[in-house]
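Peer 1: Right, I'll just put the structure down here and ask away after.
Only the coordinates and a few stated rules stand behind these numbers; no lab work does. These figures come from a predicted structure and were not determined experimentally. Cβ sites come from the backbone with ideal geometry, for glycine too, and all protein chains shown count toward neighbours.
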Amino acid sequence: MSGFVRLLFCHVCRTVEEVPDYDGPAEYDYYLQHKVAPHQFESGSPHRGVLGRVEDEPEKIEAAIREMENMVSPGSGSGLGQLLYDLKDNYKIEAMQCWKRHGRTENCDDYRTDKMRLFLDTKAERRAEGMSVNRDERPNIWLCDHCPVHSLVQQRQRKDAGLYN
């Protein structure tokens, strides 16, 4: 079996660089640090990229590069689908409007009540897949999950569970 080589893919620069294999602590991987250093924005934040490890054989390296080229780089393409992102954005807008109507409270009386549950009209699809169409057996999704109050409730729950000690 041949050795390994690492491939450094930078999505911003659209480059691929070969880096020798290394099996020690990351803080002593000076060659990788040297290769990564120029891949940053003027603000100092790093570019987005991937570091992969493949066998040091030309056909395996080429296959890995082709596979990465076929992947959509972050920030482009449809990802999970524009419809899903639009739906999520709508929920965020509706949740913010609701929060403002409630006076930007930190303790909402409507938090995760039944009237705040979101039910997608999927009865036909659920029935076709043999899934229950009963409201109580459907996924629990609330508009509140997109509201600022949700993060405050989570913080209180974590604090009560002793996770902040």
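Peer 1: For P(r) over Cα pairs in 10 Å bins from 0, in percent, which listed value, (1) 10, 41, 37, 11, 0; (2) 8, 20, 20, 20, 22, 10, 0; (3) 8, 27, 27, 21, 12, 4, 1, comes from the coordinates shown?
Peer 2: (2)
Peer 1: Something else about it: Take the chain, mark every one of the GluC sites (Glu not before Pro) that falls in a DSSP loop and has at most 13 other Cβ within 10 Å, then report the longest stretch left between them, sites excluded. List each step's numbers first, then the result.
Peer 2: Values: sites that count: 42, 106, 129.
The longest uninterrupted stretch comes out as 43-105.
Peer 1: Rank these for me by crowding, 100, 35, going from fewest to most other beta carbons within 10 Å.
Peer 2: Details: 100 9, 35 18.
With the fewest neighbours first, 100, 35 line up as 100, 35.
Peer 1: So what is the calculated 222 nm ellipticity per residue for the chain, using -39500 (n - 2.57) for each DSSP H run with n of 4 or more, over all residues, to the nearest 500 deg cm²/dmol?
Peer 2: On the way: 5 runs with 59 residues, N = 165.
My calculation for the chain gives -11000 deg cm²/dmol from helical runs alone.
Peer 1: Now, a different point. With the chain treated as a Gaussian network of Cα nodes joined by springs under 10 Å, which of 124, 64, 95 yields the largest mean-square fluctuation?
Peer 2: Its mean-square fluctuation being the largest, the pick is 124.
Peer 1: So, one more: Given a cut-off of 22 Å, name the pairs among 88/159; 88/115; 88/123 whose C-alpha atoms lie farther apart than that in the structure shown. Please list the in-between numbers first.
Peer 2: Details: 88/159 28 Å; 88/115 19 Å; 88/123 20 Å.
Pairs exceeding the cut-off: 88/159.
Peer 1: How would the range 4-70 be classified by its alpha-carbon gyration tensor: rounded, prolate or oblate, with rounded meaning a/c under 1.5 and the a/b versus b/c comparison settling the rest? Could you put the intermediate results ahead of the total?
Peer 2: On the way: a/c = 2.84, a/b = 1.23, b/c = 2.31.
Here the range 4-70 falls in the oblate category.
Peer 1: Then there is this: May I ask you to sort 150, 34 by Cβ crowding, counting other Cβ atoms within 10 Å and putting the fewest first?
Peer 2: Working: 150 18, 34 10.
Neighbour counts put them in this order, fewest first: 34, 150.
Peer 1: Now for a separate question. Going by a ≥ b ≥ c, the root eigenvalues of the Cα gyration tensor, does the range 100-165 fall in the rounded group (a/c under 1.5), the prolate group (a/b larger than b/c) or the oblate group?
Peer 2: Working: a/c = 3.71, a/b = 1.86, b/c = 2.00.
Oblate is the answer for the range 100-165, as a/c is 1.5 or above yet b/c matches or exceeds a/b.
Peer 1: How many angstrom separate the Cα center of the range 105-131 from the Cα center of the range 134-163?
Peer 2: Here the two parts' Cα centres lie 13 Å apart.
Peer 1: What longest region of the chain stays clear of chymotrypsin sites (Phe, Trp or Tyr not before Pro) that DSSP places outside H, G, I, E and B and that have at most 11 other Cβ atoms within 10 Å?
Peer 2: 42-118
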